[in-house]
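Novice: The structure follows.
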C-alpha cells in the first residue's frame, strides 16, 4: 500500500483516512485489524460506523478510538494500549495524516518495550515517521519517559 509507514511487522500507519478500496486492499495485504483515531467532529468521507461495516465485510477487526490532540492524556493512551493488545495483528492504524496514529502507536510500543522518550522518537524517525518537531511528539516523548521511569 502506498503512503503507509511500517513501524514494525505488526503495526503500520496510514498517512491518510482509508476509503473502501483501501480497506479492502489492506485486508488483501494481510492486515487483520484497522484502528481509526479520527473524532466524530472531523470532516470524514467515510463515517466511523460505515468504516466499521466496510472493514468487517473485508474480514478486518475494527476499532474506533477517537483522539483529539487537545484531549490527549495518559488515560486515553493507556486505554488504547489495552485495546491494541486484544486486536489480531498486523494492524493498520490511521487518522487523517498519520500523526495521531503514529503517536499512539509509538507510545504503545514505548510502554511495551520500556523505551524512553528519545528512543521512541528515534524509532519513529528511523521508520519514516518523524514526530520530533510536532507538538504531539512532545507528548509522545514525555509519555514514554513517564512510563519508562526516565
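Novice: For the range 19-34, give me the residue count where each residue is surrounded by 20 or more Cβ atoms within 10 Å (Cβ to Cβ) and in contact with a helix residue (DSSP H, G or I) (Cβ under 7 Å, 6 or more places away or on another chain).
Specialist: 2
Novice: Among all residue pairs at least 6 apart or on different chains, which show Cβ distances below 6 Å where the first residue, located in the range 134-150, is closer than 10 Å to residue 114 by Cα and the second is surrounded by fewer than 18 Cβ atoms within 10 Å (Cβ to Cβ)?
Specialist: Note: pairs meeting the criteria are 144/116; 145/116; 148/114; 148/116; 150/116.
Novice: Out of 41, 45, which single residue is assigned to a loop (DSSP other than H, G, I, E, B), modelled with pLDDT under 95 and closer than 19 Å to residue 4 by Cβ?
Specialist: Answer to the selection: 45.
Novice: Let me ask you something else. Enumerate the pairs (first residue in the range 20-49 and under 17 Å from residue 92 (Cβ atoms); second residue anywhere and assigned to a helix (DSSP H, G or I) and at pLDDT 95 or above) with beta-carbon separation below 6 Å, excluding pairs fewer than 6 apart on the same chain, so at least 6 apart or on different chains.
Specialist: Taking only residues 6 or more apart or on different chains, the pairs are 20/54; 23/54; 23/55; 34/55; 36/51; 37/100; 37/101.
The values are calculated or read from the model by the stated rules, or taken from the named source; none is laboratory data. This one's a predicted model, so the numbers in the text were calculated from it and none came from an experiment. Positions of Cβ are backbone-derived with ideal geometry, glycine not excepted, and every protein chain shown enters the neighbour counts.
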